[in-house]
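A.B. asks: A single structure is presented below for examination.
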Amino acid sequence: MENFESKVAAITGAGSGIGRALAVELAKRGAHLALSDVDEDGLAETVAMCEGYGVKVTSDRVDVADRDAVFAWADSVEDAHGKVNLIFNNAGVALGALVESMKIEDFEWLMGINFWGVVHGTQAFLPKLKATGDGHVINISSVFGLVSIPTQSAYNSAKFAVRGYTDALRIELEIEDCGVSSTTIHPGGIKTNIARRARIDEHAAELSGEVADPGDMFEKIAMTTPTKAAKQILAAVEKNKRRALIGPDAKVFDVLSRLPARFYQTILIKGAKRGL
């Protein structure tokens with residue numbers, strides 16, 4: 001996909017963060033938009049930001065963990081726009097919890113959005129992308145889909161799963177040679193609200209030595225703005241990359257992931273113990 005002019009892009013989690021930045025950047029490039037989120041107020045703000053670029057924008061409240069809702073949304077997008085060229089499975093949440101004390105309902109909540117939401121979006125939109133002969137599936141993993149982090153076992157599970165799922169999809173699409181491709185996105189620290197909205201287990205907070213608000217801490221260490229992230233993601237789609245590392249810190253995580261597990265895990269263990 002060499003450009004986005006007159007293409008139709010569906011984006012989940014478009015009410016803020018990377019999803020919103022993708023919507024605005026795509027609108028500037030002439031793409032028509034189908035946006036979804038559970039945050040209706042945030043979604044309305046994104047729609048307003050995308051107006052004025054001469055593109056069609058539709059929006060729907062969709063819980064990506066609800067398979068039937070995602071499939072119904074995909075049908076409504078095709079009905080409203082006549083086609084769909086891109087699906088950005090971007091919706092995501094965060095959870096900090098120890099493996100031992102993690103509430104199963106919290107684990108299921110995260111997996112429902114971060115992994116099953118990707119599966120639902122991919123399966124719902126893929127036949128529609130194939131119908132255009134010019135489509136792309138963009139699934140958002142994370143640097144935590146490259147390296148495991150203490151208190152992030154649930155998030156790691158989902159993001160490693162997205163990586164494996166999308167890699168397999170890419171291979172299948174190339175075997176089929178159907179005109180559709182896919183890219184796995186590995187963002188580093190992006191200045192979004194995901195940490196502020198995270199569910200944090202008290203035992204996880206104790207282990208990591210967190211005494212400040214995790215949202216404030218994340219804001220300080222996040223290195224990339226959503227706008228920069230969106231531009232890098234779209235550049236990866238244009239180049240048909242298999243995987244894209246978003247932000248300078250993502251490159252560091254990629255290097256760590258290639259080292260013996262003992263090396264990076266020992267660093268994390270020592271760092272955590274110093275904080276206790």
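The values are calculated or read from the model by the stated rules, or taken from the named source; none is laboratory data. These numbers come from a predicted model, not from an experiment. For neighbour counting, all protein chains shown are included, and Cβ atoms are generated from backbone atoms with ideal geometry for every residue, glycine included.
A.B. asks: Among the residues in the stretch 179-187, are any surrounded by fewer than 19 Cβ atoms within 10 Å (Cβ to Cβ) and either in a helix (DSSP H, G or I) or within 14 Å of the chain's Cα centre (by Cα) (or both)?
C.D. replies: no
A.B. asks: Just to be sure I understand, how many residues within the stretch 163-180 are of a type outside the set (Lys, Arg) and in contact (Cβ under 8 Å) with a residue 60 or more places away in the chain?
C.D. replies: Number satisfying all stated conditions: 1.
Residues are listed down the side, and each one gets a yes or a no for (1) buried (at least 23 other Cβ atoms within 10 Å of the Cβ); (2) touching a helix residue (DSSP H, G or I) at 6+ places or on another chain (Cβ under 8 Å):
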residue: ASN3; (1), (2): no, yes
residue: LEU22; (1), (2): yes, yes
residue: ALA31; (1), (2): yes, no
residue: VAL55; (1), (2): no, yes
residue: ALA74; (1), (2): yes, yes
residue: ASN90; (1), (2): yes, yes
residue: ASP106; (1), (2): no, yes
residue: TRP109; (1), (2): no, no
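A.B. asks: Kindly evaluate VAL84 against the criterion of being crowded, with 18+ Cβ neighbours inside 10 Å and within 24 Å of LYS191 (Cα to Cα).
C.D. replies: Criteria not met by VAL84.
A.B. asks: Could you figure out which of (1) within 20 Å of GLY271 (Cα to Cα); (2) surrounded by 18 or more Cβ atoms within 10 Å (Cβ to Cβ); (3) at pLDDT below 95 isn't true of ALA205?
C.D. replies: In the conditions (1) within 20 Å of GLY271 (Cα to Cα); (2) surrounded by 18 or more Cβ atoms within 10 Å (Cβ to Cβ); (3) at pLDDT below 95, ALA205 misses (2) alone.
A.B. asks: Moving to a separate point now. Does the stretch 228-249 contain at least one residue that is out of contact with any strand residue (DSSP E or B) (no Cβ under 7 Å at 6 or more places or on another chain) and more than 24 Å from MET1 (Cα to Cα)?
C.D. replies: yes
A.B. asks: Scan the stretch 57-70 residue by residue and report those that are loosely packed, with under 15 Cβ neighbours inside 10 Å and under 19 Å from the mean Cα position of the chain (by Cα).
C.D. replies: The one that is loosely packed, with under 15 Cβ neighbours inside 10 Å and under 19 Å from the mean Cα position of the chain (by Cα): ARG61.
A.B. asks: If you go through the stretch 127-149 one residue at a time, how many are in a loop (DSSP other than H, G, I, E, B) and either closer than 16 Å to ILE194 by Cβ or modelled with pLDDT of 95 or more (or both)?
C.D. replies: Going through the stretch 127-149 one residue at a time, the tally reaches 6.
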